[in-house]
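See below for the structure under consideration.
The values are calculated or read from the model by the stated rules, or taken from the named source; none is laboratory data. Owing to the predicted nature of the structure, the values given are computational and were not obtained by experimental measurement. As a convention, Cβ positions derive from the backbone with ideal geometry for all residues, glycine included, and neighbour counts pool all protein chains shown.
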Amino acid sequence: MIAIIQEIISIILMLIGVLLLMVAGIGVVRMPDIFLRMSAASKASSLGAGCVLLSVAVSAANIAVTVRALAGLLFLLLTAPVAAHMIGRAAYMIGAPLWKGTMVDELKGHYDTRRHTLSGIGAQPSQPRRGTGPLGDNL
């Protein structure tokens, strides 16, 4: 009886994972700019692959397979958001165009392109911040 419940849970997790991976693939093809594509690819594919790995962990009779599946899930959930953030930041730094339907560019005017750092409100992107650092040097 437990084996049947285990298989049903495994099949449900596998189906959810496959559907989420399909949504991620469609999102990558259909989204208009790199930022939306990256969002669709990172979120849906992380959840989809996570459900598939959980399905493997539930259905595996071997503890070694379960531990590997859970370790893979942990690695995926730790690295996918960081990779998506770095891709998005690199795309913004090189000036990738935003979709015309994007309402707000929250980094516009706050990103210093020379130093690749965030600046205060009202700072121009091409001008570095002015001030005194902790050692008394001018920034």
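One table, with the values for the structure above:
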read-out: Flag for residue 100 being among the charged types (D, E, K, R) and either in contact with a Ser or Thr (Cβ under 6 Å, 6 or more places away or on another chain) or surrounded by fewer than 15 Cβ atoms within 10 Å (Cβ to Cβ) (or both); value: yes
read-out: Scan of the stretch 19-59 for residues that are part of a loop (DSSP other than H, G, I, E, B) and either within 17 Å of the chain's Cα centre (by Cα) or β-branched (Val, Ile, Thr) (or both), ordered by number; value: 31, 33
read-out: Selection count, the stretch 69-84, where residues are under 18 Å from residue 40 (Cα atoms) and either free of Cβ contacts under 8 Å to residues at least 12 places away in the same chain or among the aliphatic types (A, V, I, L, M) (or both); value: 8
read-out: Any hit, the stretch 62-71, residues being in contact with a Cys (Cβ under 8 Å, 6 or more places away or on another chain) and part of a helix (DSSP H, G or I); value: no
read-out: The stretch 1-36: number of residues that are of a type in the set (D, E, K, R) and modelled with pLDDT of 90 or more; value: 2
read-out: Search result, residues across the stretch 85-110 that are under 21 Å from residue 42 (Cβ atoms) and either touching a Leu at 6+ places or on another chain (Cβ under 7 Å) or at pLDDT below 70 (or both); value: 92, 99, 105
